[in-house]
């Protein structure tokens, strides 16, 4: 059994106990869902049907791509269903021999008007659509990386470290002078190392823009790593999985507010990473960082971290909101990314990817604050 | 009245006749909707409420960004509603003085579970969510560009033309040799010309990959513009609006199937553009191209074109499917992009942006097939 088969089997095994006959996944423009890549290897644009008996059908926009990349019981062309998701569902229900009257679980992202149309076009089935359905089961599964995924993270973390080393060297040598220089250096470097793309738009924010959490636009022709604080937040996507790191570059004398902010972020980062271990509530880690900052009169305007995987932001949550009930477990890969921002002093953020292990944690990437 | 106020007024004026008291727009991770930028200037991450009386409230994730970029009656912070869209809607209903019992139109993309929760948390209102609601009104409005948008398209088309000239020169001089060379040249050039980003992932597909409609990954370290057919499909985003052009590079002798495909695409492109005029059904233009190709035994695996604007793909539709009922009108900006693909010969596609004028059309960008 390959990893895709194993994942589909695990998902299928949850269906009958939940009273479900079939689960539907959809990945399309406006509603991206890399769970289809997780369960089959198909990178995008498809519908996936998994029945309680374990059988699966992939309906792909591009069947040539599916033939080359997907591992699944059966591949069908979306054009064979007139590019209609409703007809594709009807077809899958028949092909998988789903008894009429049974429950079919739709993606939690299904728009309300589409839900009504699924019901209308397949009146003999009972369509379910909830935030606690198979969308959540898939998200929970994806939060705990399996052996294949851990191997991919070993590689992408190693590549990310090398790219960070090269960026630091390029900045120190004066070869990378603008936000665009740095961002485009990364774009080229990742392709020379067999990565697909960045995992999200690289944020390169020089001293004039580093006070924003998410600079807009994400990088420009403005100077980078000039006097003051500059932030570089990027991720590399390898075999679908993204890393996510943030470096801060400090140029010039570090005094006053800047000195205090950098020291606080370094301290918060160290204490947060040290707490990462199975059984620990991720909310408690985030609350600890909030406390370190608030003690000195600062507040962090974003969450402490998040899971990474086929998406840049996935489960588990790592933030101090009350609704965060996640308990860290072996196989979770999360970011720890404390940051502080000030309109005049600029911004500082330090972020690495941390694997939760059986006994504690392992820091996979090695970002740092760079002093110039 | 600035353009944003005018657009909001036009939308607000459609509400009462449709029996609606308030329209809701949402732009968030997983459900992007640049209609909020269209109506206010806020680039992303917000909820927008427009009441039938014309009043509007923007609930922004980043209020500093909103203060700098948004034109709207009132700005509120999403954190003030505990980052809950349900609470934000309740707040807006109160702040706008919406009488209980009235109809509130939700975005057509609202997931079914969220719809239920809106209803549950605001039982005194009647929530509507359909594909024919204000989401469609906004899409229809955005399809016809106003004076401000036309001015932006003059500029972005000019910049796109200059970047295409520079790419052609770089390829001819041998300075741009790989897919990454070309794609990263564009990324740098656009930022030096005050554009925000590309409008979508640049597709640079050398001869070994040009047969795919959408190359995956979109560009790699592989050779570009080597012997055979190479495709370059890109768009530049300026003040939110994207251009969309495709160049094909032909290197070496053009014989047999390649010669035939290139000639057919050039002919189809010319005939399609010549047909563009107000009152013409866009489906008829697409059917004409289908006929040109099928006469010689070819078929195009994608639509002939699409509207462009704040999204790379928007209304009007320009394809031969029966459900396309669009009639071209002054102010529409559409792509015309016939293409043919063969696993051995490679792919050829030619694409420009065409403005529909009062009397006919104007080709805004000047892509071409480049012979090396």
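Take the conditions (1) assigned to a strand (DSSP E or B); (2) without any contact (Cβ under 8 Å) to a residue 12 or more places away in the chain; residue A:68 misses just one of them, which is (1).
Note on the range A:306-333: residues that are part of a strand (DSSP E or B), out of contact with any helix residue (DSSP H, G or I) (no Cβ under 7 Å at 6 or more places or on another chain) and more than 14 Å from chain B (Cβ to nearest Cβ) amount to 1. Applying the criterion of at least 1 residues that are modelled with pLDDT of 95 or more and under 30 Å from residue B:225 (Cα atoms) to the helices (runs of 4 or more DSSP H) found wholly in the range B:94-183 leaves B:147-172. Do we find that residue B:365 is in a loop (DSSP other than H, G, I, E, B), in contact with a strand residue (DSSP E or B) (Cβ under 9 Å, 6 or more places away or on another chain), assigned by TED's automatic domain parsing to the domain that holds residue B:265 and touching a residue at least 24 places away in the same chain (Cβ under 8 Å) in this structure? When the stated conditions are applied, residue B:365 passes them.
Any residue that is within 14 Å of chain B (Cβ to nearest Cβ), assigned to a loop (DSSP other than H, G, I, E, B) and closer than 29 Å to residue B:204 by Cβ - is there at least one of those in the range A:187-194?
Within the range A:187-194 (the criterion being within 14 Å of chain B (Cβ to nearest Cβ), assigned to a loop (DSSP other than H, G, I, E, B) and closer than 29 Å to residue B:204 by Cβ), the answer is yes, since at least one residue qualifies.
No other residue among B:189, B:225, B:180 is touching a residue at least 24 places away in the same chain (Cβ under 8 Å), crowded, with 22+ Cβ neighbours inside 10 Å, in the same structural domain as residue B:352 (by TED's automatic domain parsing) and within 22 Å of residue A:180 (Cα to Cα) apart from B:180. Just for the range A:72-120: of the residues that are surrounded by 16 or more Cβ atoms within 10 Å (Cβ to Cβ), touching a residue at least 60 places away in the same chain (Cβ under 8 Å) and away from chain B (no Cβ under 14 Å), which one is farthest from residue A:41 (Cα to Cα)? Checked the range A:72-120; the qualifying residue farthest from residue A:41 (Cα to Cα) is A:102.
Kindly provide the set of residues from the range B:237-266 that are assigned to a strand (DSSP E or B) and in contact with a strand residue (DSSP E or B) (Cβ under 8 Å, 6 or more places away or on another chain), ordered by number. So that I can check it myself, show each step before the final result.
Going residue by residue through the range B:237-266, those that are assigned to a strand (DSSP E or B) are B:237-238, B:241-242, B:245-251.
Once the filter is applied, which keeps residues that are assigned to a strand (DSSP E or B) and in contact with a strand residue (DSSP E or B) (Cβ under 8 Å, 6 or more places away or on another chain), the range B:237-266 yields B:237, B:242, B:245, B:246, B:247, B:248, B:249, B:250, B:251.
Go through the residues of the range B:49-60 one by one and say whether even a single one is under 26 Å from the mean Cα position of the chain (by Cα), more than 24 Å from residue B:3 (Cβ to Cβ) and buried (at least 22 other Cβ atoms within 10 Å of the Cβ). The answer is no, given that none of the residues of the range B:49-60 is under 26 Å from the mean Cα position of the chain (by Cα), more than 24 Å from residue B:3 (Cβ to Cβ) and buried (at least 22 other Cβ atoms within 10 Å of the Cβ). Applying the set (1) under 30 Å from residue B:187 (Cβ atoms); (2) touching a strand residue (DSSP E or B) at 6+ places or on another chain (Cβ under 6 Å); (3) touching a residue at least 12 places away in the same chain (Cβ under 8 Å) to residue B:313 leaves exactly one unmet item: (3). Every condition in (1) closer than 30 Å to residue B:69 by Cβ; (2) within 14 Å of chain B (Cβ to nearest Cβ) is met by residue A:207 except one, and the failing one is (2).
The values are calculated or read from the model by the stated rules, or taken from the named source; none is laboratory data. Here the structure is a predicted model, which is why all the values come from computation and not from measurement. When we count neighbours, we look across all protein chains shown, and the Cβ atoms used for this are built from the backbone with ideal geometry, even at glycine.
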